[in-house]
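See below for the structure under consideration.
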Amino acid sequence: MSVKTVKELADGWLEALKDVDKFYELCSPECKVWHSNDDKWVTLKEAIDAVHSRGGLPPFRNSRYTLTDKGFFAQTSATLEGTNVHIIQIATVADGKVVTAEEYIGPEIDLAV
């Protein structure tokens with residue numbers, strides 16, 4: 001298992017948004033993943049299997065990250081079933097691997113309503 005710097009992990013994370021199987025290289029085998037859409041913690045494998053069962057990830061745009069004391073957070077946007085969504089993924093890093101990933105998904109809405 002190769003150990004990476006937090007910056008290398010964050011760079012790899014943006015690449016993994018194009019190829020979900022790359023998350024295996026970035027995360028510890030025990031990594032837990034949480035999504036705001038269902039409020040459940042799952043294993044990394046369960047999360048990746050779910051993506052494959054839905055036919056893969058959508059194309060993301062304006063992807064970027066910010067390094068933190070405990071890891072990094074990634075921000076991106078996509079269109080899901082005709083709705084623009086904005087996504088923040090908070091990754092906690094230990095020993096050169098992501099150990100938890102929390103994904104917050106918010107639909108774009110018109111606040112002038």
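The values are calculated or read from the model by the stated rules, or taken from the named source; none is laboratory data. Fair warning: this is a prediction, and the values are worked out from it, not measured in the lab. With ideal geometry, Cβ positions are generated from the backbone for all residues, glycine too; neighbour counts draw on all protein chains shown. Accessible surface is based on the protein model in full, side chains and every heavy atom, while ligands, DNA and RNA are left aside. Shrake-Rupley method; radii C 1.70, N 1.55, O 1.52, S 1.80 Å.
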Condition broken by Asp69, with the remaining ones in (1) open to solvent by less than 70 Å² (accessible area, probe 1.4 Å); (2) in a loop (DSSP other than H, G, I, E, B) satisfied: (1)
Candidate set: segment 35-66, residues that are among the aromatic types (Phe, Trp, Tyr) and assigned to a strand (DSSP E or B); chosen: the one most open to solvent (accessible area, probe 1.4 Å): Trp41
Top-ranked residue of segment 3-15 - restricted to ones that are in a helix (DSSP H, G or I) and of a type in the set (D, E, K, R), ranked as nearest to Ala78 (Cα to Cα): Glu15
Flag for Gln89 being closer than 26 Å to Lys4 by Cα, in contact with a His (Cβ under 8 Å, 6 or more places away or on another chain) and not hydrophobic (A, V, I, L, M, F, W, C): no
Single match in Lys32, Lys18 (criterion: part of a loop (DSSP other than H, G, I, E, B), open to solvent by 80 Å² or more (accessible area, probe 1.4 Å) and in contact with a Phe, Trp or Tyr (Cβ under 8 Å, 6 or more places away or on another chain)): Lys18
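For the condition touching a Ser or Thr at 6+ places or on another chain (Cβ under 6 Å) and assigned to a strand (DSSP E or B), what is the one hit in Thr92, Thr79?
Thr92
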Pairs where the first residue, in segment 37-52, is farther than 14 Å from Val20 by Cβ and the second is assigned to a strand (DSSP E or B) and of a type in the set (Phe, Trp, Tyr), C-beta under 6 Å, 6+ apart: Trp41/Trp34
